[in-house]
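Quick notes on the structure that follows.
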Amino acid sequence: MTEDEIWRVVHERRLSVADLLDDLGPEEWDRPTLCAEWRVRDVAAHLTQQQLTVRDELKMLALWRGSVENMTRDAARRKARSASPAQLVAELRATAASRRHTVGVTQLECLIDLLVHEQDIALPLGRRREMPTTAAAVAATRVLTMRFPPPLPSVRGMAGVRLVATDVAWTHGAGPVVEGPMAALLLVCAGRTVALPELSGPGADRLRGNRS
């Protein structure tokens, strides 16, 4: 995908997430997501924070709590407390077409966040959201090859298997084959074990064992 194509998908997914959130009832905003210790409103708030400036990041660092993960979660929780659901949705829509991104990351991290976090919200609520396969392939390649920002802990579990998508021309790695839809492969690469039942092949049991 070209940079323009990636940004077009980012734009589309921001609007898709906004549509999903618009359809939720008040109680659903406080439901847990696939992200441990993150409610729907926390993930929604996090997705409004894809365009942080150096000043914004320095403010977050001033509240450092031992890890980037804790800092990011706490920043999202603060935003979720200070903004109503309607305000969070409005902000997502207002910034949907923006090509700004947080200092230190690229448009690919924006893409990964949107593709994965949309499912983090939707799946526990029983909502079905289609993921664009080509964009998911680009995102998965980035997840598996990134050096900075630091790779996700789940990436270590992908070593020693060959991932093969069944709905788009994409493969990665070497070893026993793991086959499945591209969306499920991306979610598993990002540590979402809920997608493991969608995978098959001689390497799939290894992945399940790594997470047991």
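The lone criterion from (1) buried (at least 16 other Cβ atoms within 10 Å of the Cβ); (2) of a type outside the set (Ser, Thr, Tyr); (3) not in a helix (DSSP H, G or I) left unmet by Leu187 is number (3).
Restricted to helices (runs of 4 or more DSSP H) entirely inside region 85-154, those with at least 2 residues that are closer than 24 Å to Asn210 by Cα are 107-122, 133-145. Restricting region 87-112 to residues that are modelled with pLDDT of 95 or more and small (Gly, Ala, Ser) leaves a set whose member that is surrounded by the most Cβ atoms within 10 Å (Cβ to Cβ) is Ala96. For beta carbons closer than 6 Å, sequence separation of 6+ or different chains, a first residue in region 91-104 that is in contact (Cβ under 8 Å) with a residue 40 or more places away in the chain and a second that is surrounded by fewer than 12 Cβ atoms within 10 Å (Cβ to Cβ), the qualifying pairs are Val103/Val54. Checked across region 113-122, the condition of being surrounded by fewer than 17 Cβ atoms within 10 Å (Cβ to Cβ) and either assigned by TED's automatic domain parsing to the domain that holds Ser67 or at pLDDT below 95 (or both) holds for no residue.
Looking at region 9-83, the helices (runs of 4 or more DSSP H) lying wholly inside it that each contain 2 or more residues that are of a type in the set (S, T, N, Q) and at negative phi sit at 68-82.
Within region 93-114, the set of residues being in contact with a helix residue (DSSP H, G or I) (Cβ under 8 Å, 6 or more places away or on another chain) and more than 16 Å from Thr145 (Cβ to Cβ) comprises Arg93, Thr95, Ala96, Ala97, Arg99, His101, Thr102, Val103, Gly104, Cys110, Asp113, Leu114. If I filter region 17-49 down to residues being small (Gly, Ala, Ser) and at pLDDT 95 or above, which single residue comes out as nearest to Val89 (Cα to Cα)? Taking the candidates together, the pick is Ala18.
The values are calculated or read from the model by the stated rules, or taken from the named source; none is laboratory data. Computed from a prediction, not measured in an experiment: that's the story for all the values here. Cβ sites come from the backbone with ideal geometry, for glycine too, and all protein chains shown count toward neighbours.
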